[in-house]
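The values are calculated or read from the model by the stated rules, or taken from the named source; none is laboratory data. Quick caveat, the model's predicted, so the values are computed rather than measured. Here the Cβ positions follow ideal geometry from the backbone for every residue, glycine too, while neighbour counts run over all protein chains shown. All accessible areas refer to the heavy atoms of the entire protein, side chains included, with ligands and DNA or RNA removed. Shrake-Rupley method; radii C 1.70, N 1.55, O 1.52, S 1.80 Å.
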Amino acid sequence: KLSRALPHVKFVLPHAPEQPVTLNGGMRMPSWYDIRSLDKIASNEDEDGMNASMRKLNELIRAEIDGGVPANRIVLGGFSQGGAMTLFTGLQSELQLAGLAVLSGYLPMRERIMNRATDASKKVPVFHGHGTADEVVLFQYGEMTRNTLQKSGHSVDFHAYNHMGHSTCDDEIRDLQTFLSTCIPEST
């Protein structure tokens with residue numbers, strides 16, 4: 001849907017690697033980092049796992065730049081853990097990306113990441129869509145993320161979707177399309 005509406009945009013959609021996840025009884029599942037609890041987002045987070053995933057995402061970004069795509073035409077985005085990794089990576093980047101798109105995600109390690117946030121990241125617009133009925137990443141974590149980013153001077157386009165759980169909806173995809181059209185306009 002988005003690729004048809006934005007034919008000038010190249011979508012690179014990496015998948016999280018499979019790894020053991022504590023919350024899943026140690027069973028392997030796609031995960032950017034270990035999830036130890038959903039109750040306390042800001043406690044006992046897997047910083048080593050997040051750093052390893054950030055290196056992988058930065059390699060993808062670097063490959064696009066090396067292939068001729070300027071950083072200011074790259075939007076990093078993700079759903080759930082992917083949204084968390086978007087913020088974790090984008091806020092620490094020295095590159096001024098075109099935007100960050102977070103769907104049903106949250107800001108991991110809030111205080112530490114905000115202390116590490118670069119000046120370049122403060123110029124990068126953030127789209128954040130979150131369902132009010134999200135049963136996995138609670139809506140309050142989305143609001144907490146928005147408030148933390150805004151308090152630190154980041155521009156956040158926050159959208160709440162009534163009755164939406166841990167998923168997406170047509171309204172969110174339309175809003176994301178508008179955001180991407182603004183961040184990555186067609187070249188003239």
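Going by the conditions given, is residue 133 small (Gly, Ala, Ser), surrounded by 15 or more Cβ atoms within 10 Å (Cβ to Cβ) and out of contact with any Phe, Trp or Tyr (no Cβ under 7 Å at 6 or more places or on another chain)? Steps first, answer last, please.
Details: small (Gly, Ala, Ser): yes; surrounded by 15 or more Cβ atoms within 10 Å (Cβ to Cβ): no; out of contact with any Phe, Trp or Tyr (no Cβ under 7 Å at 6 or more places or on another chain): yes.
In short, no.
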Exactly one of (1) closer than 26 Å to residue 44 by Cα; (2) open to solvent by less than 40 Å² (accessible area, probe 1.4 Å) is unmet by residue 111. Its number?
(2)
Inspect the stretch 137-153 for any residue being among the β-branched types (Val, Ile, Thr) and either surrounded by fewer than 16 Cβ atoms within 10 Å (Cβ to Cβ) or more than 24 Å from residue 49 (Cβ to Cβ) (or both) and give the result as yes or no.
no
Exactly one of these conditions fails for residue 157: (1) more than 16 Å from residue 90 (Cβ to Cβ); (2) touching a Pro at 6+ places or on another chain (Cβ under 8 Å). Give me its number.
(1)
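Based on this model, can you work out whether residue 11 counts as out of contact with any His (no Cβ under 6 Å at 6 or more places or on another chain), open to solvent by 70 Å² or more (accessible area, probe 1.4 Å) and not acidic (Asp, Glu)? Break it down into steps so the answer makes sense when it comes.
On the way: out of contact with any His (no Cβ under 6 Å at 6 or more places or on another chain): yes; open to solvent by 70 Å² or more (accessible area, probe 1.4 Å): yes; not acidic (Asp, Glu): yes.
Here the answer is yes, as residue 11 does meet what is asked.
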State the number of residues belonging to the stretch 18-63 that are touching a residue at least 24 places away in the same chain (Cβ under 8 Å) and in a loop (DSSP other than H, G, I, E, B).
8
If residue 124 passes every condition in (1) open to solvent by 50 Å² or more (accessible area, probe 1.4 Å); (2) at pLDDT 95 or above; (3) not acidic (Asp, Glu) but one, which one does it miss?
(1)
Restricting attention to the stretch 159-168, and to residues there that are of a type outside the set (Ser, Thr, Tyr) and within 17 Å of the chain's Cα centre (by Cα), which single residue is nearest to residue 102 (Cα to Cα)?
159
Among the candidates 99, 77, 67, 26, residue that is closer than 18 Å to residue 145 by Cβ and open to solvent by 20 Å² or more (accessible area, probe 1.4 Å):
77
Using beta carbons and a limit of 8 Å, which pairs, at least six apart or on different chains, have the first residue in the stretch 111-122 and within 11 Å of residue 149 (Cα to Cα) and the second one of a type in the set (Val, Ile, Thr) and assigned to a helix (DSSP H, G or I)?
114/148
Any residue in the stretch 67-93 that's more than 17 Å from residue 30 (Cα to Cα): show its pairings with residues that are open to solvent by 10 Å² or more (accessible area, probe 1.4 Å) and among the charged types (D, E, K, R) at Cβ separation under 8 Å, as long as the two are six or more apart or on different chains.
69/10; 74/64; 91/116; 92/116
Condition check for residue 146: more than 16 Å from the chain's Cα centre (by Cα) and not small (Gly, Ala, Ser):
no
For the stretch 36-64, enumerate the residues that are open to solvent by 20 Å² or more (accessible area, probe 1.4 Å), modelled with pLDDT of 95 or more, within 29 Å of residue 143 (Cβ to Cβ) and of a type in the set (A, V, I, L, M, F, W, C).
52, 54
